[in-house]
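Q: Dumping the structure here so I can ask a few things about it.
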Amino acid sequence: MVPALLSLSLSRLGLWALGLILVLGFLKFIHLLVRRQFLARAMDSFPGPPTHWLFGHALEIQQPGSLDKVVSWAQQFPYAHPLWFGQFLGFLNIYEPDYAKAVYSRGDPKAPDVYNYFLQWIGKGLLVLDGPKWFQHRKLLTPGFHYDVLKPYVKVFADSTHIMLDKWEEKARKDKSFDIFSDVGHMALDSLMKCTFGKGNSGLGHRDNNYYVAVSDLTLLMQQRIESLQYHNDFIYWLTPHGRRFLRACQVAHDHTDQVIRERKAALQDEKEQKKIQNRRYLDFLDILLGARDENGIKLSDADLRAEVDTFMFEGHDTTTSGISWFLYCMALNPEHQDRCREEAREIIGDRDSFQCSKGESKQNPNNCLLWGFCGALRDTEKTGCVAGRDDLGKMTYLTMCIKESLRLYPPVPQVYRQLSKPVSFVDGRSLPADSLVSLHIYALHRNSAVWPDPEVFDPLRFSPENATGRHPFAFMPFSAGPRNCIGQQFAMNEMKVVTALCLLRFEFAVDPLRPPIKLLQLVLRSKNGIYLHLKPLGSGSEK
């Protein structure tokens, strides 16, 4: 009797659970339909390419060549067009400077439909925050990217680059092309670990290596999730092998960051350790975060600390990897510009009798120079002393123009998203209501022929002072623009200048005609088949 009653109760409970699931599913479906109607109505005045009845434009924009497909749509539909990821998620895709200014000069929040996927890993850091808390974090973090704070990182960038270039010497001896993207990625993450956690050149410990692997896994898994519509639902994703692997990697990353924060906090309680930290050649990002205070003396909480560290690791790794790799590809395609950049680098950081750093220390007193050791041509820094410093980066004018032109053609983050907090009116009289979703297609913006004549041509002189004067301020946005622009853009530019100058002094780069890269948007601009280049060692850059 009792088993029968129990069985009946369980049966009824199962029916109730099934009914509840069906009701919740129905309500969710109604919500999606209502939202679709709102988004479709909001974009009613914007014609666009035809959509698939189920996938919208998702199938087309997931294919190799999709970036150039959007460029062709931009030529067909000036200013903007609707872009649908499936039937329920629609953005107004913009690629015109005045349209970009109308939205990105305001500071609207990131679109949660895209950026919420990041929360499990990076938490609520500067990338995804909005409102007063975003403003507070931005204000606290801004001093960490000040000119004087960034100067000592030059040596960090150089040290990590030399390790990579030594590996490339071995690979180049085989006289075959090889994929540079993964090596650049390893170098960028190594630099970032040193700048974030103060890791020295003695090598990463076991725990650090586990963190390194976890960050690499998380980046790849995030890319896979965004491009797979079936993974967009949290409940479904966490049940998949990919979702469980993502959660495990998150735990490794969080455990590492939490432990480093605990150890650093404990060290700061000890006077001897405090002095050691203060006497270090540079403060790392964690030091700066731990010392950050607002006007009321309020510090970041432990959760906020972890979120900002994880955000910095995420944003600073793949973006610089992409930017450096595509720059070297541009140099390989354009040997005349490559030669000119190399010659400029030789003139600035070649062998000299003396060199004045920004603080006035010369090579006669290298121990007092924060930048001692950045040497692109001569490897024996014990003899050469202070060969180049942070101020030298400002002298690399032609290299900077070439970097900017490569960022125009190959922006590391080709597409970013916003959700409007209030209505917006555009220059042509059309408008969008609050809560509409906007996609800024930076790749298409940078190929807008109304702004950039012959947009596919690599021409660094576009960024000469005379040619850049008068250009629309929202025509070139590799680091976004407006109040929510990339806080680390100067950090990234400094790293790109150091790394690329050292690369050009050690090697001559040439394309592999049998393996042209296939552009692919996966969070950052990558290549589906890698970026294969031929490298010819040049020996000592100063002697060549």
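The values are calculated or read from the model by the stated rules, or taken from the named source; none is laboratory data. As the structure is a prediction and not an experimental result, all values here were calculated from the model. Ideal geometry is used to build each Cβ from the backbone, glycine not excepted, and the neighbour counts take in all protein chains shown. Protein only, heavy atoms only, side chains kept; ligands, DNA and RNA dropped before computing areas. Shrake-Rupley method; radii C 1.70, N 1.55, O 1.52, S 1.80 Å.
Q: Can you return the aspartates and glutamates within cross-link range of K28? Criterion is Cα-Cα under 18 Å, with same-chain partners fewer than 8 residues away left out.
A: Cross-link targets: D113, D234.
Q: Which one, S11, F476, A307, projects farthest toward the positive side of the charge dipole computed for the chain from Cβ point charges (K/R +1, D/E -1)?
A: Farthest towards the positive pole: S11.
Q: Heavy atoms of the protein only, probe of 1.4 Å, neighbouring chains included. What is the accessible area of L20 in Å², nearest 10?
A: 100
Q: In the structure displayed, which of K171/K265; K194/K528; K299/K528; K151/K404 lie more than 31 Å apart, Cα to Cα? Working shown, then result.
A: Values: K171/K265 42 Å; K194/K528 29 Å; K299/K528 43 Å; K151/K404 21 Å.
In this structure, K171/K265; K299/K528 exceed 31 Å between Cα atoms.
Q: To continue, here is another question. Largest first, how would T257, T51, T469 line up by accessible area (1.4 Å probe)? Each step should come with its number before you reach the end.
A: Numbers: T257 0, T51 70, T469 110 Å².
Largest to smallest exposure gives the sequence T469, T51, T257.
Q: May I ask which residue of L533, F463, S436 lies farthest towards the positive end of the charge dipole of the stretch 434-544, with charges of +1 (Lys, Arg) and -1 (Asp, Glu) on Cβ and the Cα centre as origin?
A: Final value for the positive-end residue is L533.
Q: A further question follows. Put Y147, Y237 in order of accessible area, largest first, 1.4 Å probe: what do you get? Please report the intermediate quantities before stating the final value.
A: Values: Y147 90, Y237 5 Å².
Solvent-accessible surface, decreasing: Y147, Y237.
Q: Only one of the values (i) 97, 67, 48; (ii) 146, 65, 42; (iii) 93, 60, 53 was calculated from this structure for Cα extents along the principal axes in Å; name its label.
A: (iii)
Q: Then there's this: Angle between the Cα long axis of helix 335-349 and the longest principal axis of the chain, 0 to 90 degrees, nearest 10?
A: Taking Cα atoms only, the helix is inclined about 60 degrees.
Q: Taking the Cα atoms only, what angle lies between the long axis of helix 153-172 and the longest principal axis of the chain, rounded to 10 degrees?
A: Taking the Cα atoms of the chain, the angle to 153-172 is about 90 degrees.
Q: Restricting to the stretch 462-544, compute how many DSSP beta bridges are antiparallel as a %, nearest 5.
A: Numbers: 9 of 10 bridges.
Of those bridges, close to 90 percent are antiparallel.
Q: Using the Cα centre of the chain as origin and beta-carbon charges of +1 (Lys, Arg) and -1 (Asp, Glu), tell me which of I403, H162, H232 is placed farthest towards the positive end of the dipole.
A: Farthest towards the positive end: H232.
Q: How large is the accessible surface of S449 in square angstrom, using a 1.4 angstrom probe and rounding to the nearest 10?
A: Number for this one is 80 Å².
Q: Now for a separate question. Under the √(5λ) rule applied to the eigenvalues of the Cα gyration tensor, what semi-axes describe the equivalent ellipsoid of the stretch 149-268? Give them in Å, descending.
A: Details: eigenvalues 171, 112, 26 Å².
Taking √(5λ) for each Cα gyration eigenvalue gives 29, 24, 11 Å.
Q: Measure nothing but the geometry: give the 0 to 90° angle between the long axis through the Cα atoms of 489-506 and the longest principal axis through the Cα atoms of the chain, rounded to 10°.
A: The angle comes out at about 50 degrees.
Q: Can you give the accessible area of E347, probe radius 1.4 Å, in Å² rounded to 10?
A: Per-residue accessible area (E347): approximately 130 Å².
Q: Which sequence of S480, S431 reflects their accessible areas, 1.4 Å probe, from the largest down? Spell out each step's value before the answer.
A: Values: S480 25, S431 60 Å².
Sorted descending by solvent-accessible area, the residues read S431, S480.
Q: Which of the peptides 36-46, 72-82 is most tightly packed, and how do the rest follow, judged by the mean count of other Cβ atoms within 10 Å per residue?
A: 72-82, 36-46
Q: Another question about this same structure. Using θ = phi - 60° and the Karplus form 6.51 cos²θ - 1.76 cosθ + 1.60, what ³J(HN,Hα) does each residue of the stretch 214-219 get, whole Hz, x for Gly and Pro?
A: With the stated coefficients, the stretch 214-219 comes to 4, 4, 4, 5, 4, 4 Hz.
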